[in-house]
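Derivation of every value follows stated rules applied to the coordinates shown; laboratory data play no part. All values reported here derive from a predicted model rather than from experimental measurement. Neighbour counts are summed over all protein chains in view; Cβ atoms, including those assigned to glycine, are modelled from backbone coordinates with ideal geometry.
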Amino acid sequence: MRHVAARTTVRPRNVEDRAPRLHRRGARDILRCSPLRTTESTLHLQVLLFASYADALGASEIVLDVPEGTTVRDLVTAVRARAPHAALPPHPLVAVNQAYAGPDDVLTLGDEVALIPPVAGG
């Protein structure tokens, strides 16, 4: 398994320094983070979190910078690293750009990734 070093950086207030901003969307907080610099080998990905996943990570949306060639499996590992106490199942359901994706699908620049928790009902 390839090591994924996910890093979240913040958009500069001037050019140098800015704290992340929390925006309210209903009952959820959204943490907006953007890279100071994005190289050609780094992908800027928006990750949407729902229900128990959003609760576990404390936001309904996160933005990650990951290396080019990152797979869905690598991204799930990076999300787990942000909140190791979070209860993500071994193989969560993942959608990329509103279509279901497999663990070996490679992500590209600007992809919107959604981690979808199991749903129960009756």
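Hey, can you rank 67-79, 97-109 by average C-beta count inside 10 Å, highest first? Intermediate results must be reported in sequence, preceding the final value.
Details: 67-79: 19.5, 97-109: 12.6.
Taking the mean over residues of other Cβ atoms within 10 Å, the ranking is 67-79, 97-109.
Just to verify a number: FRET efficiency for residue 52 and residue 104, C-beta to C-beta distance, R0 = 25 Å, to 0.05? Please report the intermediate quantities before stating the final value.
Working: r = 25 Å, r/R0 = 1.00.
E between residue 52 and residue 104, to the nearest 0.05, is 0.50.
Using a simple spin-label model with points 7 Å from Cα along the Cα→Cβ vector, what separation in nm is obtained for residue 120 and residue 91?
It is 2.1 nm.
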